[in-house]
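Peer 1: I have a structure here, written as structure tokens, and I will follow up with some questions on it.
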Amino acid sequence: MTTPNTFPAIAGSLSQFDPQALPVSAAQAIVLQWVTPLAQGERVPLRDALARVLAADVISPIDVPAHDNSAMDGYAFDSAALARPAQTLTLTVAGKAFAGHPYTDAVASDRCVRIMTGAPIPVGCDTIVPQERVTIDACETDAPATISFAANAVAPGANRRRQGEDLARGGVALRAGRVLRASDIGLMASLGLVDVRVKRRLRVAYFSTGDELRSPGQPLDAGSIYDSNRYTLGAMLQRLNVEPIDLGVVRDDPEALTATLLQAAESADVVLTSGGVSVGEADFTRSQLQTLGDVSFWGLAMRPGRPLAFGRIWSGGRPGAGRAALLFGLPGNPVATMVSFYQIVRPALIAMSGATPQPMPLIPACCDAPIRKRAGRTEFQRGIAERDAQGQWRVTPTGSQSSGALSTMSEANCFIVLAHDAADLDAGDAVDIMLFDGLV
Ligand code: AMP
Ligand code: MG
């Protein structure tokens, strides 16, 4: 973690921006600048390694495949036989090679070996003719069978998988920083590894703020609403495979807020709050952040999600005292909470986990309806996208774009991303969409 006096309000060249309305790209850059990737790692069995971040390069201890083997069911033979002038080759079948049951004798050049996919290629052979290409000649009882095939049916070296062609011994099989996928788990198993060194999981504490919030299961009295943000946050964190620390609902009370923030800074690497960041009576989070640590910025030129406080808090209650944790004070409106999580928090958590955040792909689409958009902020509208018969993506905005209507997120399958400088759009205009698949 950096020292207390180097955390910038707005870093160097970005100081031309308003800390209350920072362009989204500038905010993303500042946040990543203040992320320190986790140093600590742990060994986990392969079975538990899915979605964990690789802490060190995986070096292959063996060649994969370990021996030259056949890619087809057929007959292995020496391609020198193809050099003979004959148009048809006839070879005597010397024996059989199955996966796990190699043929161990050397094979003379007028002979071949019946071979199955994956079986080691016998000594003296370098080519496999697929079984569909050969005729098995009628043979006398007790005499070895012979096969015949056209000499041009197969090229020298065909259907041979070479030793080490997938992974060579001593080579880098997987690079540090990779978020492990199913294929990676299998690949490490193919190297004979039983466990793998990964980064420890990032600890992320989160809580909701608001006197109006009730937890599901409690009665809903007049003026109260159910707390949904803690559930969306918990679920979004689950997708990122971090260690979540749910600190519940905190009242709109500076002392309660301080106590919870200090507890969070003590136990977590990152703290997420929702609600109480808008300027006005509900700006406790930001004012507490100013007391307990340092604020970098507290607003984005983004919709939904304008109020967003980013900074650092210290468990000792003042800058430099105790442990530091990054703090994201997210807006309370449920859609705004989600949008700011995806755009600002998610890349930071990925980078802090030790992986490299990749931007979510944007797909060009034709928008079916006009959209009102003010230049000077990035908007993430909810849309329903599908590909038409010509393979072109078309998108329709969901009816409501209210930042309080979580149902629009459930109804939508993408964000319609409207760039900072974009203005009103007509029906039929081109837009970029960000599909939820792989994100939500
Ligand atoms: P705030 O940012 O605290 O002013 O909240 C903005 C709006 O979001 C208000 O209508 C709040 O009632 C609502 N809100 C805040 N927190 C939550 C939450 N955890 N779950 C659902 N709605 C919330
Ligand atoms: Mg509130």
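The values are calculated or read from the model by the stated rules, or taken from the named source; none is laboratory data. If you're wondering where the values come from, they're calculated on a predicted model, not measured in any experiment. Using ideal geometry, Cβ is built from the backbone for each residue, glycine included, and neighbour counts are taken over all protein chains shown. Keep in mind that these areas ignore ligands, DNA and RNA; they rest on the heavy atoms of the full protein, side chains included. Shrake-Rupley method; radii C 1.70, N 1.55, O 1.52, S 1.80 Å.
Peer 1: Under the rule of -39500 (n - 2.57) per DSSP H run of 4 or more residues, summed and divided by the residues of the chain, what mean residue ellipticity at 222 nm is obtained, to the nearest 500 deg cm²/dmol? Mind dumping the intermediate values first?
Peer 2: Working: 8 runs with 72 residues, N = 440.
Value at 222 nm, helices only: -4500 deg cm²/dmol.
Peer 1: Give the carbon-plus-sulfur fraction of the accessible surface of the chain in %, rounded to a whole number; probe 1.4 Å, heavy atoms of protein chains only. Can you show the working numbers first?
Peer 2: Working: 10380 of 20430 Å².
Of the solvent-accessible surface of the chain, carbon and sulfur hold 51 percent.
Peer 1: Can you give the three extents of the C-alpha atoms in region 156-233 along their principal axes, from longest to shortest, in whole Å?
Peer 2: 82, 27, 18
Peer 1: Which stretch or stretches of region 374-407 have amide N atoms under 17 Å from the point lying 7 Å from LEU220's Cα along the Cα→Cβ direction?
Peer 2: What the label zone holds, given the 17 Å backbone N cut-off, is 404-407.
Peer 1: Still on this structure, I have one more. Looking at the square roots a ≥ b ≥ c of the eigenvalues of the Cα gyration tensor of region 202-287, which shape do they give, rounded for a/c under 1.5, prolate if a/b is larger than b/c, or oblate? Display every interim value, and only then the final one.
Peer 2: Working: a/c = 1.96, a/b = 1.21, b/c = 1.62.
The shape class here is oblate.
Peer 1: Let me ask you something else. Where in region 227-287 are there GluC sites (Glu not before Pro) that are in a DSSP coil and have at most 13 other Cβ atoms within 10 angstrom of their Cβ? Intermediate values should be presented prior to the final figure.
Peer 2: Values: sites: GLU255, GLU266, GLU281; in loops: GLU281.
Filter output for region 227-287: GLU281.
Peer 1: Separate question: Treat each spin label as a single point 7 Å out from the Cα along the C-beta direction, and report the PHE98 to THR396 distance in nm.
Peer 2: 5.9
Peer 1: Next question. Provide Rg and Dmax in Å for region 8-92, with only Cα atoms included in the calculation.
Peer 2: Calculated on Cα positions, Rg and Dmax stand at 29.8, 84 Å.
Peer 1: Could I ask something else about it? Starting from the coordinates of the alpha-carbon atoms of region 335-389, obtain the Kirkwood hydrodynamic radius over all distinct pairs and give the value in Å to one decimal. Intermediate results must be reported in sequence, preceding the final value.
Peer 2: Values: mean 1/r = 0.0714 Å⁻¹.
Value: 14.0 Å, from the Cα pair sum.
Peer 1: Net charge around TYR226, counting only other residues with Cβ within less than 15 Å of its Cβ (Lys, Arg = +1; Asp, Glu = -1)? Can you show the working numbers first?
Peer 2: Working: positive: ARG214, ARG230; negative: ASP211, GLU212, ASP221, ASP227.
My count for the surroundings of TYR226 gives -2.
Peer 1: I would also like to ask the following. Would you mind telling me which residue in LEU32, LEU91, LEU54 has the biggest mean-square fluctuation in a Gaussian network model of the chain, where springs connect alpha carbons within a distance under 10 angstrom?
Peer 2: LEU91
Peer 1: Pop a pseudo-label 7 angstrom from the Cα along the beta-carbon direction at both ASP424 and ARG47 and give the gap in nm to one decimal.
Peer 2: Result for the modelled spin labels: 6.2 nm.
Peer 1: Around LYS199, under 10 Å between beta carbons, what's the net of Lys plus Arg minus Asp minus Glu among the other residues? Don't skip to the answer; put the middle values down first.
Peer 2: Working: positive: ARG52, ARG197, ARG200, ARG201; negative: GLU42.
Net of charged neighbours comes to +3.
Peer 1: Suppose the chain between SER228 and GLU266 were pulled fully straight at 0.36 nm per residue; how much longer would it get relative to their current alpha carbon spacing? Don't skip to the end; give the middle numbers.
Peer 2: Working: separation 38, 0.36 × 38 = 13.68 nm, distance 2.53 nm.
Result: 11.1 nm gained on full extension.
Peer 1: Out of every Cα-Cα pair in region 363-435, what percent are more than 13 Å apart?
Peer 2: Every Cα pair in region 363-435 considered, those over 13 Å come to 61 percent.
Peer 1: Post the alpha-carbon centroid distance, region 234-258 to region 325-397, in whole angstrom.
Peer 2: Cα centroid to Cα centroid, the span is 23 Å.
Peer 1: How much length is gained if the chain between ARG133 and ALA182 is pulled fully straight, taking 0.36 nm per residue apart and subtracting their Cα-Cα distance, in nm to one decimal? Mind dumping the intermediate values first?
Peer 2: Working: separation 49, 0.36 × 49 = 17.64 nm, distance 3.66 nm.
The ARG133-ALA182 span can extend by a further 14.0 nm.
Peer 1: Send over a whole-number figure in Å² for the accessible area per residue of region 69-161, probe 1.4 Å.
Peer 2: On the way: 4770 Å² over 93 residues.
So region 69-161 comes to 51 Å² accessible per residue, rounded to a whole number.
Peer 1: Right, another one. Please compute the volume of the convex hull spanned by the alpha-carbon atoms of the chain and report it per residue in Å³.
Peer 2: Values: hull volume 98.4 nm³, N = 440.
Cα-based convex hull of the chain, divided per residue, equals 224 Å³.
Peer 1: Still on this structure: Quick one: of the DSSP bridges fully inside the chain, what percent are antiparallel, nearest 5? Write out the running numbers ahead of the final one.
Peer 2: Values: 60 of 88 bridges.
Expressed as a percentage, antiparallel bridges in the chain total about 70.
Peer 1: Semi-axes of the equivalent ellipsoid of region 69-161: what are they in whole Å, largest first, if each equals the square root of 5 times a C-alpha gyration tensor eigenvalue?
Peer 2: Details: eigenvalues 64, 51, 27 Å².
So the three semi-axes of region 69-161 are 18, 16, 12 Å.
Peer 1: If each of SER410 and ALA321 carries a label point 7 Å out from its Cα toward its Cβ, how far apart are those two points in nm?
Peer 2: For SER410 paired with ALA321, the spin-label model returns 4.5 nm.
Peer 1: So which residue, out of SER224, SER296, SER403, gets the largest mean-square fluctuation from a GNM of the chain using Cα contacts under 10 Å as springs?
Peer 2: SER224
Peer 1: Related question: What residue among ALA235, ALA108, ALA205 shows peak mean-square fluctuation when the chain is described by a Gaussian network model with Cα springs under 10 Å?
Peer 2: ALA108
Peer 1: Moving to a separate point now. Taking trypsin sites (Lys or Arg not before Pro) as candidate sites, keep only those in a DSSP loop with at most 15 other Cβ atoms within 10 Å, then name the longest stretch of the chain containing none of them.
Peer 2: Details: sites that count: ARG162, ARG169, ARG175, ARG181, ARG251, ARG323, ARG372, ARG374.
With a cap of 15 other Cβ atoms within 10 Å, the longest stretch comes to 1-161.
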